[in-house]
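Structure record follows, encoded as C-alpha cells.
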Amino acid sequence: MQRGLILALILCAIITSMPFAVKFLENVSETSVTVTVVSNAGVYYVGSAISHEGSDLLCVVPAEVYVPKTGIEVTLNVTVKFKHAQPCPCSDWQILTENPKNVEVIDETETELKDPYTAFKQYVVKVLGNGTLDVVFKYGSECPYGSEERVTIKFYVGTPTNEVLSNASAQTQLPELNTTEKIVEGVVQEVNVDGRYFVIDGTTFAVRGKWIGPNGEEYTWREMLSLIKVGEKVKVRAVYEDGEWKAVEIVINGEIFTKG
C-alpha cells in the first residue's frame, strides 16, 4: 500500500504541472498510457480512461481527478487513434462531452489532427463537487466501423487513498490497432490516373483525398499524381488498409507532400 504513496511523492517532486500529461499524450501510440500526476497545487491526476468498442480508440488522461476544494479548474487531455487515415468518407466525426454532474466545462481547444491517425483535444473543467463527466467520440455519419466511444471521468474533492495510487501505478497498454505501415524508395514504374495509383518496385500505391505540399498548399489526388513522373525516384510512406497500400506521405525531389 505504501508503494503507491511513495511513487506519488516521487512524481510530485519531478512533475509540478499538467503540461507533462499534455506532452505525454502528444507522443503516445501503442505504448503505456497510465499516468499518475500530483501537481504543486495538491491536485491528483490519476490513470487513463480507454474505450475501444469499434475500430477507433478513445483515450482520456486522467481517468480520475482529486482536488483539495471545490472551484478548482483541471485539464483533460483527449486523444483519438483512428484505424483509417483521415480525412475519411465519414469525416463528420466529433469529440464532445456529455452528462456533466457537479462539474462545468469552461473551455475547450479546437480538435487538432496530429497526423492522419491521431486527433487531440483538451477540456478545462471546473470541479464543483464529487461528480462525473462523459467524454465521447462520435463516429462519422453512416460509418460502418462504429457508432461511439465513451468514457466517464470521475472527480473527487479530497485525496486519493494509498490503494488508488497503488493500483494506478500498474501499466495499461493501448490495444493494437493493426495498422501496417511501410516506407519504399525507388523509381516510379507507372502512374495511372484512372486507377488513382502509382507503382514502385512492383508495389501499387493508391493516392486518395487531399494533400498538403511543403509550403502548406493544397493538392487534389489528381494534382498529386501529376507531380509523380515515370522514371523518377520517389519515396513513399504507406499504410495497408482495405486490401491496398495507401500513400500517406510522398517525397519528390526532397519536397514532402502529406495526405491532409
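The values are calculated or read from the model by the stated rules, or taken from the named source; none is laboratory data. Since the structure is predicted, the reported quantities are computational estimates derived from the model, not experimental observations. Every residue, glycine among them, receives a Cβ derived from its backbone with ideal geometry; neighbour counts consider all protein chains shown. Side chains are part of the model used for accessible areas, which takes the heavy atoms of the whole protein and leaves out ligands, DNA and RNA. Shrake-Rupley method; radii C 1.70, N 1.55, O 1.52, S 1.80 Å.
If you check every pair at least six apart or on different chains, which have Cβ atoms under 9 Å apart with a residue in region 129-154 that is under 15 Å from Val80 (Cα atoms) first and a residue that is aromatic (Phe, Trp, Tyr) and in a strand (DSSP E or B) second?
Filtered contacts from region 129-154: Val135/Tyr123; Gly146/Phe137; Glu148/Phe137; Glu149/Phe137; Arg150/Phe137.
Of all residues in region 153-175, how many are buried (at least 16 other Cβ atoms within 10 Å of the Cβ) and either hydrophobic (A, V, I, L, M, F, W, C) or at pLDDT 95 or above (or both)?
9
Identify the single condition in (1) over 13 Å from Lys246 (Cβ atoms); (2) open to solvent by less than 50 Å² (accessible area, probe 1.4 Å) that Thr220 does not satisfy, given that it satisfies every other one.
Tallying (1) over 13 Å from Lys246 (Cβ atoms); (2) open to solvent by less than 50 Å² (accessible area, probe 1.4 Å), Thr220 fails exactly one: (2).
Name the residues in region 191-208 that are part of a loop (DSSP other than H, G, I, E, B) and of a type in the set (A, V, I, L, M, F, W, C), would you? Can you show your working first?
If we filter region 191-208 for residues that are part of a loop (DSSP other than H, G, I, E, B), which is where we start, we get 193-196, 201-202, 207-208.
Of everything in region 191-208, those that are part of a loop (DSSP other than H, G, I, E, B) and of a type in the set (A, V, I, L, M, F, W, C) turn out to be Val193, Val207.
Would you confirm, using the coordinates I've provided, whether Val193 is of a type outside the set (Asp, Glu) and loosely packed, with under 15 Cβ neighbours inside 10 Å?
Spelling it out, Val193 is indeed of a type outside the set (Asp, Glu) and loosely packed, with under 15 Cβ neighbours inside 10 Å.
For region 91-124, enumerate the residues that are touching a Gly at 6+ places or on another chain (Cβ under 6 Å) and either open to solvent by 50 Å² or more (accessible area, probe 1.4 Å) or within 14 Å of Tyr139 (Cα to Cα) (or both). First the steps, then the outcome.
First, the residues of region 91-124 that are touching a Gly at 6+ places or on another chain (Cβ under 6 Å): 91-93, 101-103.
If the condition is that a residue be touching a Gly at 6+ places or on another chain (Cβ under 6 Å) and either open to solvent by 50 Å² or more (accessible area, probe 1.4 Å) or within 14 Å of Tyr139 (Cα to Cα) (or both), then Ser91, Asp92, Trp93, Lys101, Asn102 are the ones that fit.
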